[in-house]
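These notes are about the structure you will find just below.
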Amino acid sequence: MLRLNLLRVSAVVRSPSHFSAHPIQAKQRPAMGSLSYTTSSKPSSGDKLLFRQLFEKESSTYTYLLADVSHPDKPALLIDPVDKTVERDLSLVKELGLKLIYAMNTHVHADHVTGTGLIKSKVPGVQSIISKASKSKADLLVEAGDKIYFGDLFLEVRGTPGHTLGCVTYVTGDGPNQPQPRMAFTGDALLIRGCGRTDFQGGSSHELYKSIFTLPKETLIYPAHDYKGFTVSTVGEEMLYNPRLTKDEETFKNIMENLNLPYPKMIDVAVPANMVCGLQDFSAKQVEAVSN
Ligand SMILES: [Fe+2]
C-alpha cells in the first residue's frame with residue numbers, strides 16, 4: 001500500500017523574482033480531489049500548459065519543460081535539467097518563444113551534473129530551485145507545501161524523502177485552471193515500476209516507504225529516470241504493479257537492502273557539483289571575470 005507522509009509547512013518562501021506576478025508561496029496542502037480513474041497520458045489544461053518530456057540518454061534522465069503559454073510572457077521552468085543537454089533545452093525554449101524563469105531539481109542527483117549552472121550562465125535572470133532539506137545551495141530553497149508559480153499555473157512541493165534526505169516531488173496545482181489529471185514529477189522517489197536506491201545520500205528505505213505519496217489514482221507520474229523506455233505512469237498503476245512498493249514494509253526494506261547495486265560511478269563528481277545547484281558556475285564566472 002502506498003502511504004503519504006504529509007509534511008507540514010514550516011516557513012513561507014518568498015520569491016525574489018521580479019518576473020512572476022505570483023511569488024512562491026507556502027500554503028496548507030489542499031484536500032485531494034476525487035476524480036475518476038483514467039490512464040490517459042495527456043493532461044488536459046485547456047490552452048494554458050505547454051509540456052515537453054525531454055531525455056538525456058547517458059544517464060537516462062528525463063527533463064521536463066513546463067510553460068504557461070496563455071500568459072503574455074509565456075513563463076517556463078525546467079525540472080531536472082542535465083548539463084549535457086542544456087543547449088538542446090535552451091534552443092527549444094527559444095524556438096517556442098518561452099521565457100525561462102526557473103531551473104529546478106527534485107533532489108541532489110548522483111548520476112549526472114545538473115544543468116542549472118550552465119542555464120544560469122546562459123540565461124540571466126533564471127533562478128535555481130531545490131529543497132531546503134537537501135542542504136544544498138540554490139537561489140530558492142523550497143519546502144513541502146510551497147507553491148511555485150509560473151504565470152497562472154503552479155507546482156506544489158511535497159516532501160518525499162528516502163532516496164535522499166531532501167527529495168521532493170513537484171505536483172501541478174489543484175484548481176479549475178490547472179492541468180487535469182494532475183502531474184507529479186517524482187524525481188527518483190517513485191520510478192515506473194521501481195523506486196530510487198536508498199543506500200547513499202542519507203537514503204533510508206524506512207523513510208522512502210513512509211514518504212511515498214498518495215494522490216488521486218489518475219495522477220500522472222513523471223519520474224526523473226527510466227531505463228526501459230517507459231515515459232509515464234499513474235498512481236493507480238503503481239499501486240497495482242510496482243513490484244517494490246506494493247510489498248509490506250519489512251519485505252520492501254529487505255528488497256532495498258539486497259539490491260547489490262554498484263557504487264554510482266558519477267557520484268563523486270555529480271554530488272559536489274549538484275550541492276551548489278547552479279551557483280558554482282556563477283561564482284566561477286565572477287572569479288574569472290575578476291582575474292581576467
Ligand atoms: Fe537520484
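Read the figures in this text as sums done on the coordinates, not as results from a lab. Predicted model, so just to flag it, every value in this text is computed and none were measured. In this analysis, Cβ positions are derived from the backbone assuming ideal geometry, glycine residues included, and neighbour counts consider all displayed protein chains.
For the reader, a short list of remarks on this structure follows.
- Each of Thr61, Thr164 has some number of other Cβ atoms within 10 Å of its Cβ, and from fewest to most they run Thr61, Thr164.
- Sparsely packed loop sites in segment 115-220 (the chymotrypsin sites (Phe, Trp or Tyr not before Pro) outside DSSP H, G, I, E and B with at most 16 other Cβ atoms within 10 Å) comprise Phe200.
- Hydrodynamic radius by Kirkwood, which averages 1/r over all alpha carbon pairs of segment 55-281, in angstrom: 17.6 Å
- Ranked by how many other Cβ atoms sit within 10 Å of their own Cβ, fewest first, the residues Ser233, Ser131 fall in the order Ser233, Ser131.
- Oblate is the label for segment 194-246. Its Cα gyration tensor axes, ordered a ≥ b ≥ c, give a/c of at least 1.5 and b/c at or above a/b.
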